[in-house]
Amino acid sequence: MFSDRFLRNKRNVTLSPQERGTIEAAISEVRTLEPRSILVRAGDDIAHSTLLIEGIMSRYIDDRNGLRQLVAIHVPGDFVDLHAYPLKVLDHDVATMTAATVGIAPHAQLDAIIAANPELGRKLWYSTLIDAAIHRAWLFRLGRLDAMGRVAHFLCETNARLQAAGLSDGHRFALPLTQSDLAEICGLTNVHVNRIMRQLREERLCVFRSSLVEIPDPQRLAVRGQFDPAYLYIDLPDVTLPSSNRPPSP
């Protein structure tokens, strides 16, 4: 099923087989996209939302010189632009980072789902709220963490999200991104990212080689990146925040 990874292993919210079937029925077509393909441009009228089935996608904003700032990445199981359903026009572009397979859900079908099944509509809303929580974590990462902390936090977050989707065992996962992609995600230069990845490897915190990430001790990496997975609302044992990384009680 195309929706198998959507809201999988989420705390408080689960989808019944009937609800997954309803989402499946709402998908009008499945598309295969090449890497670096733009799916939505800022300002365009939008009549559908996109469920990412395979691959990695991003949302980004271009500055006046054509340089982009990544504001989100999406992994399989994400409804990439579900917020386009009420907005109809986005203020950012949506594109693939790798080859991707997506399901297209026309907004007319989402109208029917919400009218007939308000509880499922609430769960779709829940998905957009998780996206908002991830945005806040990205602001924290870029605004408060040093270079190594930014990279460590991003890798911890990606590990947790992929583990929730069944694509990581908690210690090892495929991440077909380039060093330039990591630099854009973390607000760093390529040279700086290269130095950080070498340092992470030397400290035995993480090895990222040939599109494969290996994290020997997720807890140590979480401490280094000040990563608290609570904002992801997933219940996975390998991403429990160490007590040493929690702020003191007031």
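The values are calculated or read from the model by the stated rules, or taken from the named source; none is laboratory data. Worth saying up front: this structure is predicted, and the values here are computed from it rather than measured. Note that each Cβ is placed from the backbone with ideal geometry, even for glycine, and that neighbours are counted across all protein chains shown.
Which residues, counting only those in the stretch 8-46, are within 20 Å of His74 (Cα to Cα), in contact with a helix residue (DSSP H, G or I) (Cβ under 6 Å, 6 or more places away or on another chain) and at pLDDT 95 or above?
Within the stretch 8-46, just Ile46 meets the criteria.
Can you tell me which residues in the stretch 84-98 are surrounded by fewer than 16 Cβ atoms within 10 Å (Cβ to Cβ) and assigned to a loop (DSSP other than H, G, I, E, B)? It would help to see each step written out before you state the result.
Quick first cut of the stretch 84-98, residues surrounded by fewer than 16 Cβ atoms within 10 Å (Cβ to Cβ) only: 86-89, 91.
Scanning the stretch 84-98 gives Lys88, Asp91.
Would you kindly identify the helices (runs of 4 or more DSSP H) lying entirely within the stretch 99-169 that contain at least 3 residues that are under 14 Å from the mean Cα position of the chain (by Cα) and surrounded by fewer than 14 Cβ atoms within 10 Å (Cβ to Cβ)?
118-144
Which one of these does Leu188 not meet: (1) in contact with a Phe, Trp or Tyr (Cβ under 9 Å, 6 or more places away or on another chain); (2) under 15 Å from Phe154 (Cβ atoms); (3) not aromatic (Phe, Trp, Tyr)?
Every condition holds for Leu188 apart from (1).
In the list Asp81, Asp63, which residue meets the criterion of being assigned by TED's automatic domain parsing to the domain that holds Ile130 and more than 20 Å from Glu24 (Cα to Cα)? Steps first, answer last, please.
Values: Asp81 fails: more than 20 Å from Glu24 (Cα to Cα).
One residue alone meets the criteria, Asp63.
Go through the stretch 212-246 and give me each residue that's at pLDDT 95 or above and on the phi > 0 side of the Ramachandran plot.
Gln226
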